[in-house]
Structure formats: C-alpha cells, structure tokens
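This report refers to the structure that appears directly beneath it.
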Amino acid sequence: MKICFVSGFPPSKAVLNEYGFHVARELQADPLISLTILSDEYSGPEPELPEFDVQRCWKENRLSNHTRLLKAIRDCKPDVVWFNLGFASFGSRAIPAFLGVMVPMLSRLRGYYTHVTLHQIMDTMNLEDARVPYPRLYRLGGWVATRMLLLADSISVLIPAYRRTLIERYGGNNVHRWVTSRTADGQTWTFTPSLPSCSANPCTQQVAVITPPHSDGTTAASDTHVYTFTIGTDGTSVWNTQTQYFRGSSNTPFVTKKTDYGLPGACPANTDYAGSGDVPIRDTLIWPNATGSISKKAEYCYDGVANKTVQKEWDYQANGNFAATPDLEIDNVYVTDPNYIGANILRLLKSTTTKDAHGVQVAQTTYGYDETSLQPSNITQNHTTSAGPRGNRTSVSHWLNTNNTSIVSNTAWYDSGEVYQSKDPLGHTGTAYFDSTGAYPNKVCNALNQCSYPVHDFNTGLMASFTDANGSQAGVAGSLPQVGLQVGGLAQRELDRGLELVERHRL
C-alpha cells in the first residue's frame, strides 16, 4: 500500500510536526506500506531525517499550496492520501488556510481515497475573546471549511466531543473512532462495529474483531473477540464494559470479561456511566462449563481523587456464588499532607497492606518521601530550586511477619532530582556522581568504593564508553548497554533502577 502523508514534519517547526513524526514512524515500521511525506518547506541547518522519504512542496501562508500539493499527490500515485491537520496548518491568514483545507476534498474528487486526522473544530474556538476581526465571517468560513473536510472518505478526531459535534451539527457520517481493519505481515484483522437499537443513553456499541486463522494444535481457525462499549448518559463517553472471546465457529465464548464503572469516593461505588470521572469498580471473569460456569472477580474502591484505596479479590466460584468477604484484600493509603496536595502531588502511595480471607495482615510495605536533606548538585544552568515538596521516595519499609519488625532501604537525592545514594537494609551504600550539567552520571561507586565511569555523548544522550571498576573500557556508542556492576545487595540494584530512570527520561 502506498500512502501520501500530508503533515508538518521535523526538522520543520510547523503546526503538528511532532504528531506527524510519530504517525509517520509507525507507518514506516510496517513493511507493507510505502510512505511518502508531503511536508512544508523550511530553512535551517538541520538535515532531513534520513529514514523518511520527505518532499517539501508547500509553505505556510502561500496562496498556491493547494495546486502544489495536488501536483505532488498526482506524481506520487498513492492508494491513500492521509492529511494530518488543523484549520491553521497551512497558514495563519484566512485565505491560505482556507485554500489548504480544500485539498482533502479536491484529492477525493480526483479519485484518491482520502483520510483526515482533524485536531480541532471551529465550533469550539472563541473568536471574540481571541479578538479575531469579523468573527461572524470567520465563523461562516469555518462552517464551509468543515463541510468541505467532511467530503473526505473518512475523518478521525481525537476528542469524543468533536465527533459528536460533527455528527449532530454537520451530519457527518464518516467520522470514525474505530479501526475497521489492520494488515501486518500478510495477516489481516477485521474490526466490525455495530450499534444495537437504543432509545436513551446509556446505549451499547459492539465491535467484533476477527483474527487471522491460526492453529490451536488441533484445528486452524479464526478467533472472534467481541467488545461491547457502553455510551455514557452524556452521549460522548465510551466504556468497554464486556469482552467475549470465541474460538472458531463456536457460538459460546470460552471466556467473558465484564467491567462495571462508577464514580470514585464511595466504597463500594454505585454503577454509573455519567461521563468523565468514572472509574472501573468491578471486573468479573466467566468461564462456561458443563454445569454452568465458574467465575472470579475483583472489586475496587477509590478516594476523591481516584486513587485506588481498596482492592478485593474473590477466587474461582461456581456460577458466581461469591461469599460476602473476599479471599484477598489489598488496602492502600496515600499521602494526604496539604503541602503535597497543594503542589498537585496526589498519588504518592504511603502504605499497602495485604489481608487474607479472615482479615489478617499477611504483608505490608510503607513508603517515606522527602525525609532527608538534598545533596547539593552545584548546578547553576537550567536549575530551579523547588519551594515545595518534591515527592522523592526516600525510604521503603517491608514488614516481616516472623518477628513483627521491618527491613528498611533508603534513597538520597540530589537537588537536581537525580539519585545520589541508595542504601539497602544491611547498610550497603551505592553512590552516583554526575557531570557539570547534572544530566549524565560519570561515576558510580558501590559499597566497597569500587567505581565505574560511564561517558556520554552530549549530542545524542547515549552512553559512548564505559570503564568498569577493574579499569576495563568498552566503547558502546550508538546504543545503551545493560551495565551490570558485580557488587550484589539491594543498594546497587536500587541505584541501577534510579540511573535507568535517568536514561529513560533523557531518551
């Protein structure tokens, strides 16, 4: 399949260039797709990304963008033309922007299958507050432009309210939020949506997913997964309330998963499909058997900010005959200090306790935050000192049921937010040192003061070389190695996890 992808694209700074890059990267990864990116012209020293076929054929606020794009599409001879755009993608001035938005309609009229990913709609913009001249004229132009976009073969929007507006206000019947098919490595999955009759919300939407044929060891057949979605009483929110798994031509699912939703704050919560804020309150798995079925379930409770405070689990029972008390209960307590809440740090787990079917504690872990002073990093560039709490986890305590005591590990932090030291319950300490930027660790020492020395490439952020505690050096440019320091103990593993987070954040 040959796709022309019309979008802002790096190294250009055009609107939606980052979103365009991520879409293009996923398309490029499919070996069955030939991708050509039609993007905007740019001036700058940065070279084109080498792995992509990019043609620069339009420019912001240029009046001839529509003719240049249509010529590039014709030369490309694609199976699909995919537009990634908003109303200002082709310019900040009205006429060039309007002419650019015409291109999807003209592309379809020329016989190409045309899809639009639309990131905004005019109906949600407050033109008066934006001090747009002649807002009524702009509103009319936006209405006409939206009608033209709806003449594409299909449109995807990222916000459910946009889909509702396009359907109800413009009569759009090609506004999709469901994938209809997917082909990879010659295998095709189909996604068939259906909307059962419904007079009042909450209603249901079903999507049947047919997998490619595969063998279960006896026969080769396709599986069917039927996903049932409940459309909330607000008409826009959608909840996956049931999933059924069928094998081959069987009309009976071999397993069904049901999920109920409700509002946080009550325990147990009442079933609800009102819209934003609903959370899963119950999961039930059902397997049919000769005498009916066997089931297991879990129920969840939340506090007022949707932290999961209680999880109750029931093991397998015949025909869903669950006892009043669960077989296992996990109780979570979160930090409620006003200083943390005021800093919008809402989800710090303070303790988690596991209880058996008799309510007896069988395990417990508690966590401490910001308990020790910060190690100065001596960084002056791009460094700001936080006035409030940071939420750095500084201690982890595991309860021992054998003698009712706890084992504790500790972590100390730099004022730059990086891990400084990690100490295991036996007192073994690992220490990390960073370069002058505070971004890259350049020395890591274990409890015996045996140190290794990573060196990083400042342009890519990748590790360029590594010298271990014995002085042996390895060059590792272009990849991030799995470095193992042979020191043992929890402290070094905790420190390794902290350094791994540093690398992930950078990459």
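Each reported figure results from applying straightforward, stated rules to the coordinates on display, with no laboratory input. Keep in mind that what you see is a predicted model, and the values were worked out from it rather than measured.
For all pairs of alpha-carbon atoms in the range 367-442, what percent lies in each bin of width 5 Å, listed from the first bin to the last filled one?
Spelled out per bin, shortest first, that is 3, 15, 22, 20, 16, 10, 6, 4, 2, 1, 0.
Classify the range 409-475: rounded, prolate or oblate, from the alpha-carbon gyration tensor (a ≥ b ≥ c, eigenvalue square roots; a/c under 1.5 rounded; otherwise prolate if a/b is larger than b/c)?
Oblate.
So what's the Cα pair-distance distribution over the range 46-104, bin width 5 Å, in %?
Whole-percent P(r) values from 0 Å outward: 4, 18, 26, 23, 18, 10, 2.
In terms of modelled amide H atoms, which long-range or inter-chain residues lie less than 5 Å from the amide H of S34?
For S34, the qualifying residues are K2, I3.
Would you list which lysines come within 23 Å of K59, measuring only between C-alpha atoms, while excluding same-chain residues fewer than 8 positions from it?
Cross-link targets: K13, K71, K77.
5 Å is the cut-off here: which amide hydrogens, built 1.01 Å from N in the peptide plane, fall below it relative to S416, excluding neighbours closer than 5 in sequence?
Hits under the 5 Å cutoff: S377.
Quick check: from the Cα gyration tensor, does the range 1-82 come out rounded (a/c under 1.5), prolate or oblate?
On the way: a/c = 1.93, a/b = 1.14, b/c = 1.69.
It comes out oblate by the Cα gyration axes.
Taking a cut-off of 24 Å between Cα atoms, list the lysines near K258, but don't count ones fewer than 8 places away on the same chain.
K296, K297, K308, K312
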